[in-house]
Amino acid sequence: MIEFFLKLILCHIIGDFVLQPSKWVENKNIYSFKSKYLYYHTFLHFILLLLFLSFNYIITIIFIAVSHLIIDLLKIEYNKRNKQHQRISFFIDQVLHLFILVIVTIINFPDQCTIIFKQIHFNKILLISICLIFLTNVASVCIKQLLSHWHIDDNLSENSLKNAGKYIGILERPLIFFFIITNQPASVRFLVAAKSIFRFNDLSKDKDRKLTEYILIGTLLSFSLALIIS
């Protein structure tokens with residue numbers, strides 16, 4: 001079952017990212033279902049699946065190819081009407097493709113999937129899910145509230161990306177969490193050192209003590225919450 005699923009994933013990656021030229025993507029986005037490259041792309045996935053699955057599971061292969069065509073077409077039509085949401089539609093598109101691959105794997109190997117399902121420790125999954133939600137959304141709100149006592153002049157950060165600090169924290173806290181629960185404390189030290197180097201470079205340019213203290217407090221709060229939850 002695992003080998004079957006990994007082959008499906010590999011076919012998807014090769015078909016969607018390795019062997020799909022930019023010319024195909026641009027043409028599909030312009031002409032939608034009238035684009036010949038939309039069907040070339042679908043046929044490419046069909047051939048890859050045939051080869052990797054040794055010409056077995058023909059019905060499954062046809063189903064994956066047809067569903068891939070429909071999902072891609074829906075994404076193209078959505079993007080034409082909502083150009084500002086193309087980044088979101090890209091990830092939704094990939095999640096839907098992955099969902100189809102999971103479904104066909106379950107259909108073809110129901111007994112093995114049942115065994116794996118029974119072996120999953122759902123209490124641990126729930127606990128990890130709660131921790132990750134806290135370390136991303138909840139922690140960001142908490143830190144923002146704790147730092148709301150101080151106000152930094154917007155002109156000091158005019159060259160900074162909007163909400164960059166928030167997203168840096170959202171990325172770093174789950175990393176610290178996984179490093180700790182997988183018993184890799186050295187990786188946490190590397191992350192702290194790397195961030196300190198970049199921050200020192202920024203602050204040495206700004207030469208503003210208030211901003212230095214503000215960033216230092218925010219960084220320490222972010223790391224502290226990650227360590228406590230871990």
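What follows is calculated from the coordinates using simple rules that are stated; it is not laboratory data. The model shown is predicted, which means the values in this text are computed figures rather than measured ones. Methodologically, a virtual Cβ is constructed for each residue, glycine included, from the backbone with ideal geometry; neighbour enumeration extends over all protein chains shown.
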inquiry  = Could you work out [θ]222 nm for the chain from helices alone, using -39500 (n - 2.57) per DSSP H run of at least four and dividing by all its residues? Round to the nearest 500 deg cm²/dmol.
reply    = -25500 deg cm²/dmol
request  = Compute the long axis of helix 2-13 from its Cα atoms, compare it with the longest principal axis of the Cα atoms of the chain, and write down the angle in degrees, 0 to 90, nearest 10.
outcome  = 80
query = What is the spin-label model distance, in nm, from Q94 to F33 if the labels are put 7 Å beyond Cα along the C-beta direction?
reply = 2.7
request  = For the chain, find the longest principal axis of its Cα atoms and tell me its angle to the long axis of helix 36-52, 0 to 90°, nearest 10.
outcome  = 80
query = Which value in Å does the Kirkwood hydrodynamic radius of the stretch 1-150 take, with 1/r averaged over all unlike C-alpha pairs and then inverted?
reply = 18.1
query = For the residues I47, I133, I64, what sequence is obtained by ranking on other C-beta atoms within 10 Å, fewest first?
reply = I133, I47, I64
key: Derived scalar couplings ³J(HN,Hα) [the stretch 161-171; Karplus, 6.51 cos²θ - 1.76 cosθ + 1.60; whole Hz; x for Gly, Pro]   = 5, 5, 6, 4, x, 4, 6, 4, x, 4, 7
